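Visitor: Below is one structure. I have some questions about it.
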Amino acid sequence: MMARTPEQINDDLLRPVFHTSGRFFVAVAVLGAFVLAAFGAWGYQMYAGIGVSGLRWPVYWGFYITNFVFWIGLSHAGTLISAILRLANATWRRPVTRCAEVITVFALSIGGMFPLVHLGRPWLAFWLIPYPSERGIWPNFRSPLVWDFFAINTYLIGSVAFLTLPIVPDWATVRDKATG
Amino acid sequence: MLCQQCDAAPCEPVCPTYASYHNSEGLNGQVYNRCIGTRYCANACPYNVRFFNFFNPVWDKPLHLQLNPEVSVRPVGVMEKCTFCLPRIKAAEIQAKAENRAVQDGEITPACVQSCPANAMAFGDLNDPSSGVARLAESNRGTKLLEELGTLPKVVYLQRDAWHDGKNT
């Protein structure tokens, strides 16, 4: 097998960016149907009450908090892998760290949705944000849940930066190849 | 069981929106309008005396007529609890203020105290040492539930003692 030039490697890597196959749209349609079904289920839960998720007295936290912890755990794994490889200066690390960082950001985004779904009145979730309201009510800073909210947002901002900054040279390559 | 109205209530510091809070009279208030339904307070409560509206409340006609006009209807997704009949407390206080006097002992009766045929419950001002409820609470028959947790509950349960059992030891 002939050794590939960097130019050919770039072409191979960027093929899915410039050519969209029919299979991609089929996958988007199938997965999008799942997302729509989830929104429908969430709407029904908001209308009928959180009891439709099977929770009853005296069990107040269930599936959603479990899922939240699960996805946050996945995102921690991504951060751990990319950080350890970076600290160990492993030269082969780049494709692995990119995967790990993408896992971090997307697992965190998915995990962050679950506390919202868990709330009894999710349309009022913005009361967790410390903003100066006309009634002078702030979030209760003694509550661990408020700090949970802050921690997730800080972690999300950090990991998005961690993903975005190393991806800038790759965007430059895409820009150089783009014709449209 | 009813809310023990703790002085160091575990439900209060965990609420992210101050829906569960301590009012100036020492009651564990619950602000339904402020509750977003995290259900953290109910998880923190060692007595399990908080109740969540897991479903949208419905009253078929004519049952809607039984709703108390002095108590707000709590919507779905909101935590509720025993308030010691806060509307009755406030009504008595407003009445006393209008008549320019202090609230008298026994003037306020929560619905549970009023409706108990055996007179098994008493309600009053614990801060006033001369009130009937304060004297009952001081008796050595009094116990507080899960006191060892440090929640400082204000509800006192009176045990039978030897004298009442006829043993007179």
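FYI, it's all coordinate maths here, none of it is from the lab. No experiment lies behind these values; they were computed from the predicted model shown. Don't worry about glycine lacking a Cβ; one is built from the backbone with ideal geometry, like all the others, and counts go over all protein chains shown.
Visitor: Below 9 angstrom from the Cβ of B:TYR18, what's the summed charge of the other residues (Lys, Arg +1; Asp, Glu -1)?
Guide: 0
Visitor: Based on C-alpha coordinates, I'd like the Rg and Dmax of segment A:1-101, in Å.
Guide: Cα only, segment A:1-101: 21.5, 67 Å (Rg, Dmax).
Visitor: Would you mind finding the longest exposed-site-free stretch of chain A, with exposed trypsin sites (Lys or Arg not before Pro) meaning DSSP loop and at most 14 other Cβ atoms within 10 Å?
Guide: A:57-134
Visitor: Compute a Gaussian network model of chain B, connecting alpha carbons closer than 10 Å, and tell me which residue from B:LEU149, B:LEU86, B:LEU27 fluctuates the most.
Guide: It is B:LEU149.
Visitor: Do any cysteines of the protein assembly as shown lack a neighbour Cys whose Cβ is under 4.7 Å away, and which are they?
Guide: Isolated Cys, the protein assembly as shown: A:CYS99, B:CYS6, B:CYS15, B:CYS35, B:CYS45, B:CYS85, B:CYS112, B:CYS116.
Visitor: Per residue, how much space in cubic angstrom lies within the convex hull of the C-alpha atoms of segment B:11-158?
Guide: Cα-based convex hull of segment B:11-158, divided per residue, equals 146 Å³.
Visitor: Sort A:HIS76, A:HIS118, B:HIS64 so the one with the fewest other Cβ atoms within 10 Å of its own Cβ comes first.
Guide: Details: A:HIS76 15, A:HIS118 24, B:HIS64 10.
Going from least to most buried by this count: B:HIS64, A:HIS76, A:HIS118.
Visitor: Please list 3J(HN,Hα) in residue order for segment B:83-89, calculated via the Karplus relation 6.51 cos²θ - 1.76 cosθ + 1.60 where θ = phi - 60°; whole Hz, with x for glycine and proline.
Guide: Couplings: 9, 6, 6, 3, x, 5, 4 Hz.
Visitor: Based only on other Cβ atoms within 10 Å, what is the fewest-to-most ordering of A:THR91, A:THR66, A:THR179? Numbers along the way, then the final one.
Guide: Numbers: A:THR91 7, A:THR66 12, A:THR179 4.
Lowest to highest Cβ neighbour count: A:THR179, A:THR91, A:THR66.
Visitor: Using the 10 angstrom Cβ neighbour count as an exposure proxy, how do A:PHE149, A:PHE39 rank, fewest first?
Guide: A:PHE39, A:PHE149
Visitor: Run the numbers on chain B and let me know its relative contact order in percent, using alpha-carbon pairs under 8 Å that are six or more apart.
Guide: After rounding, I find 20 percent.
Visitor: When chain B is modelled as a GNM with alpha-carbon springs shorter than 10 Å, which of B:ALA96, B:ALA19, B:ALA44 fluctuates the most?
Guide: Top of the fluctuation ranking is B:ALA96.
Visitor: Taking H as built 1.01 Å from N, whose amide H comes closer than 5 Å to the amide H of B:TYR18, not counting residues under 5 places away?
Guide: A:ASN140
Visitor: Averaged over peptide A:131-139, how many Cβ atoms belonging to another chain are found within 10 Å of each residue's Cβ?
Guide: 1
Visitor: Taking a threshold of 30 Å on the Cα-Cα distance, which of the pairs B:LYS61/B:LYS97; B:LYS90/B:LYS154; B:LYS61/B:LYS144 fall above it?
Guide: B:LYS61/B:LYS97; B:LYS61/B:LYS144
Visitor: Of A:ALA29, A:PHE126, A:GLY180, which is farthest towards the positive pole of the protein assembly as shown's charge dipole, taken about the Cα centre with +1 and -1 on the beta-carbons of Lys, Arg and Asp, Glu respectively?
Guide: A:GLY180
Visitor: For segment A:61-174, what size does the Cα cloud have along each of its three principal axes, sorted from largest down, in whole Å?
Guide: Taking the Cα atoms of segment A:61-174, the three principal extents are 54, 32, 27 Å.
Visitor: Still on this model: Which cross-chain or sequence-distant (5 or more) residues have an amide H under 5 Å from the amide H of B:GLU80, H modelled 1.01 Å from N in plane?
Guide: Correct list: B:PHE51, B:PHE52, B:ASN53.
Visitor: I would also like to ask the following. With unit charges on the beta carbons (Lys and Arg positive, Asp and Glu negative) and the dipole taken about the Cα centre of segment B:11-158, which residue among B:PHE54, B:SER20, B:PRO69 sits farthest to the positive side?
Guide: So the residue we want is B:PHE54.
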